[in-house]
Number of protein chains: 2
Amino acid sequence: MQEAVQDILKKNQLSITGSRVKILELFLEQQGALAHGDIERRTGEKFDRVTVYRTLQVFLNKGIIHTIPTSDNSVLYALCKDDCGEGHHHDNHVHFVCDDCGTTMCLDDVTVPVIRLPKGFKFTQIQVVVNGRCKDCNRD
Amino acid sequence: MQEAVQDILKKNQLSITGSRVKILELFLEQQGALAHGDIERRTGEKFDRVTVYRTLQVFLNKGIIHTIPTSDNSVLYALCKDDCGEGHHHDNHVHFVCDDCGTTMCLDDVTVPVIRLPKGFKFTQIQVVVNGRCKDCNRD
DNA sequence: ATTATTTTGCAACAAAGTTGCATCTGTTTA
DNA sequence: TAAACAGATGCAACTTTGTTGCAAAATAAT
Ligand SMILES: [Mn+2]
Ligand SMILES: [Mn+2]
Ligand SMILES: [Zn+2]
Ligand SMILES: [Zn+2]
């Protein structure tokens, strides 16, 4: 785990600092997505709010994490699993929001479908967000 | 136009007030979606910010407008075309964001596809947001 | 026209996000 | 390994966005 964190930072030519290590650990030990607030809470207010913002921004630019649009328009972040790089995101999988437990997760195995657009429209990216009950919450 | 506005308000048992008429007009004379900020600007700061928030909230509850999730997590609103009512939205169409001109619009004729979820997951709603170049911007 | 009900604007507040700058930390080089 | 450098952090101050309570104003009902 420690190694994984260091690897990711080195691979992206980022200096290894307390906040980056800690925040990256949070993402690795968590299956769901994290909001900015979650991160602040779970780092035990160890880092300044500004540092968290800037760290997330750096991770986004480097293609280490991606944002997830949600129906309530809160900003969520999740690890990129694939080969995303600086300015090159290709996380074309479906996102799932459980209305029961509130977790938002990447369904890495569910690829986004092809959408037939009206004449004249060209797409570059398709985002799919599914709401419902997750696996765990249905097991009752 | 004036009539359409009055009709919608009456049909939803809403009293006819300056802000409601003006904001509804904005939506009717516009093909794309509007952000809260757009509305404030285009009403010429005629109404208090709080009034705009409350008006949009009322319209949302009544099923006159719906929100659109976007990749940059800004809140956008658009008219419901269908038979949405109080607490009953069924705007299951695809949304399109033009990266060129910035407009976000409802593709009312493009219905959201069925998504095959992993075992154990149940869905209640599927949101699809497509980014790309719109019809108008491709006409060059 | 009078009354009852909603809606509005204001003020005060809370939450979320940004920016500049001095200080500190991690990395590089000699 | 120590000094020098580049980059990251924390703080303060600020902006933007959204919320709440309440009195005044506008709308609807009688
Ligand atoms: Mn994802
Ligand atoms: Mn729509
Ligand atoms: Zn769940
Ligand atoms: Zn366009």
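Things to note:
- Beta bridges assigned by DSSP with both partners in chain A are antiparallel in approximately 75 percent of cases.
- Cβ charges +1 (Lys, Arg) and -1 (Asp, Glu), total dipole of the protein assembly as shown, debye: 100 debye
- When the C-alpha to C-alpha distance is required to be over 21 Å, the pairs from A:K81/A:K122; B:K11/B:K46; B:K11/B:K62; A:K81/B:K122 that qualify are A:K81/A:K122; B:K11/B:K46; A:K81/B:K122.
- Heavy-atom accessible area ranking, 1.4 Å probe, most first, across A:D100, B:D140: B:D140, A:D100
- Projecting the Cα atoms of A:N61, A:G120, A:V97 onto the dipole axis of region A:2-138, where Lys and Arg carry +1 and Asp and Glu carry -1 at the beta carbon, places A:G120 farthest toward the positive end.
- Accessible area per residue for region B:14-66 is 49 Å², calculated with a 1.4 Å probe on protein heavy atoms, without ligands, DNA or RNA.
- The protein assembly as shown - Rg over Rh from alpha carbon coordinates, Kirkwood radius: 1.00
- Only helices enter the 222 nm calculation for chain A: every DSSP H run of n ≥ 4 contributes -39,500 (n - 2.57), and dividing by all residues gives -9500 deg cm²/dmol, rounded to 500.
- Cα centroid separation, region A:13-59 to region B:63-140 (Å): 31 Å
- Distances in nm from B:H89 to the matching label points in the other copies, shortest first (labels 7 Å along Cα to Cβ): 2.1
- Ranking A:D48, A:D72 from most to least accessible surface, computed with a 1.4 Å probe over the protein chains only, gives A:D72, A:D48.
- Shortest-first distances to equivalent copies, position B:N12, nm, label 7 Å out along Cβ: 4.2
- When +1 charges are put on Lys and Arg Cβ atoms and -1 charges on Asp and Glu Cβ atoms, the dipole computed for chain B relative to its Cα centre reaches about 440 debye.
- Rounded to 10°, Cα long-axis angle of helix A:18-28 versus longest principal axis of chain A: 40 degrees
- Axis angle, to the nearest 10 degrees, between helix A:49-62 and the longest C-alpha principal axis of chain A: 60 degrees.
- Copies compared at B:P118 - label distances in nm, ascending, label defined 7 Å from Cα in the Cβ direction: 3.7
- Nearest-ten-degree value, helix B:2-11 long axis tilted from longest Cα axis of chain B: 80 degrees
- Descending Cα extents along the principal axes, region B:57-140, whole Å: 45, 37, 24
- A Stokes-Einstein calculation at 20 °C with viscosity 1.002 mPa s, built on the Kirkwood radius of region B:2-138 over Cα pairs, returns a diffusion coefficient of 133 µm²/s.
- Restricting the calculation to Cα atoms, region B:81-124 yields a radius of gyration followed by a Dmax of 14.0, 41 Å.
- Taking chain A and dividing mean pair separation by its residue count, relative contact order in percent (alpha carbons under 8 Å, at least six apart): 18 percent
The values are calculated or read from the model by the stated rules, or taken from the named source; none is laboratory data. Only a predicted model underlies this, so the values are computations on that prediction, with no experimental measurement involved. Cβ: placed from backbone, ideal geometry, glycine included. Neighbour counts: every protein chain shown. Heads up: the accessible areas ignore ligands, DNA and RNA and are worked out on the full protein's heavy atoms, side chains in. Shrake-Rupley method; radii C 1.70, N 1.55, O 1.52, S 1.80 Å.
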